[in-house]
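Peer 1: So that we are looking at the same thing, I have put the structure below in structure tokens.
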Amino acid sequence: MSDTPAGGLYGLVATLRAQQTELTERWMNLVFGDAEVQHSDQLTYRQLADHLPNVLEEICAVLETRNPGESERALESDARRHGQWRWQQGYRIDELVRELDVFRQVLTSAISDYAATHGDLSRADEDYARLTIDEVVSFVTLTSIREAVTERDRKIDDYTGMLEHANYELTLRQKLISELYETRMQITRRVAHDLRNFLNVFSTALQLATRSPAKRDTALALANRQISDMATLVDEMVEYSKILGDDSILTVESFDLVGLFDELMQSSRIAAEAKGLKLVGHLDADLGAVVSNRLKVKQVALNLLSNAIKYTASGEIVLAIAAAPDDRWRLRVADTGMGIGEADQERVFEEFERAAADDIPGAGLGLAIVKELTRTLDGELRFESTKGHGSVFEVTFPLVLEPKAPNAA
């Protein structure tokens with residue numbers, strides 16, 4: 001036989017345990033119908049019950065042993081999880097307090113019902129049971145509130161960090177927009193200035209042809225050059241705007257570098273020989289096909305070759321295609337031209353920046369186009385130049401380029 005008394009406080013504990021499901025359902029029905037706990041309507045029975053059955057069992061253990069310390073750790077753990085879950089479920093603090101107060105009322109009502117039908121429960125044991133329930137539910141309420149507030153503060157910290165990051169990004173974007181606007185204004189002023197100069201010279205040529213028929217051929221040649229320079233300016237601007245505005249998926253294909261090399265040599269030879277320049281080509285025989293965007297690679301090469309020919313008065317232009325480390329290949333264009341001074345080297349890749357004198361035609365967009373295309377193709381661009389001794393431009397590309405959107409480069 002058991003030594004535990006069947007009646008009194010132990011009988012109350014046994015009854016509370018036996019009625020655990022009934023008491024939990026009674027509490028849930030009261031909470032569902034309580035206008036002060038609005039978020040309960042959004043929960044399932046299981047979500048609403050949460051850790052309350054565990055708390056009831058721990059209350060029974062405290063009543064049975066009369067030692068709250070033995071169950072304090074378990075009570076604290078359940079209370080913290082309860083507060084954490086309720087915060088995640090959208091409860092307000094007052095709703096959390098209210099539902100636990102209803103829980104206390106259900107338990108104290110169960111004590112009253114038991115006392116009314118069991119005369120062996122002494123008044124002292126009944127008062128102890130009520131006091132224990134009040135203290136335990138108050139402890140659970142306070143711990144749950146503290147955990148819910150901690151969760152709230154953690155979320156506030158997270159949102160604050162996100163907001164600060166968003167503000168930082170917004171500040172950067174505003175700065176970028178401001179810089180972009182200023183850049184575009186500079187471009188507009190530069191283009192207007194260049195076009196005005198072209199038109200002024202063109203007008204002078206027409207006046208010369210009108211006033212001096214003997215110099216008509218010279219005037220026509222001058223006018224034709226202005227027309228050609230204006231066309232170059234417009235073409236480079238159109239090409240650059242297309243590159244910047246291209247938001248389509250970057251397509252790639254497999255192509256033979258030998259065929260590209262031959263095409264580049266043929267297309268540049270006429271312009272080089274027209275200036276008395278020697279065009280030299282070197283191709284790595286070990287290189288075969290690569291995967292990239294052939295048209296954009298060709299644009300990079302042609303812009304570098306065009307610049308080299310334009311700024312070289314005598315000597316040679318060298319085009320070289322060779323293998324490079326780390327699964328890459330190298331495009332190299334060297335010239336014996338005027339070179340770029342140290343003071344100009346940092347700005348030559350910017351829009352409408354030119355290191356040459358104004359008598360050499362050009363819009364100053366060639367290297368800006370090269371820079372943007374190189375970025376799109378996952379390339380790495382570097383150059384060396386000495387004033388009066390020529391320049392060397394090198395671009396390394398991956399042997400296999402993965403297709404992607406240009407803005408992901």
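Peer 1: Could you give each residue of the range 282-297 its phi-based ³J(HN,Hα) in whole Hz, using Karplus coefficients 6.51, -1.76, 1.60 with θ = phi - 60°, and x for Gly or Pro?
Peer 2: 9, 10, 5, 5, 7, 7, x, 8, 10, 10, 6, 9, 4, 5, 5, 4
Peer 1: Tell me, how many Å apart are the Cα centres for the range 101-136 and for the range 259-326?
Peer 2: 95 Å
Peer 1: Please report Rg (one decimal) and Dmax (integer) in Å for the Cα set of the range 54-186.
Peer 2: 25.6, 97
Bear in mind these aren't lab numbers, they're just calculated from the coordinates by the rules spelled out. All of these numbers come straight from a predicted model, not from anything done at the bench.
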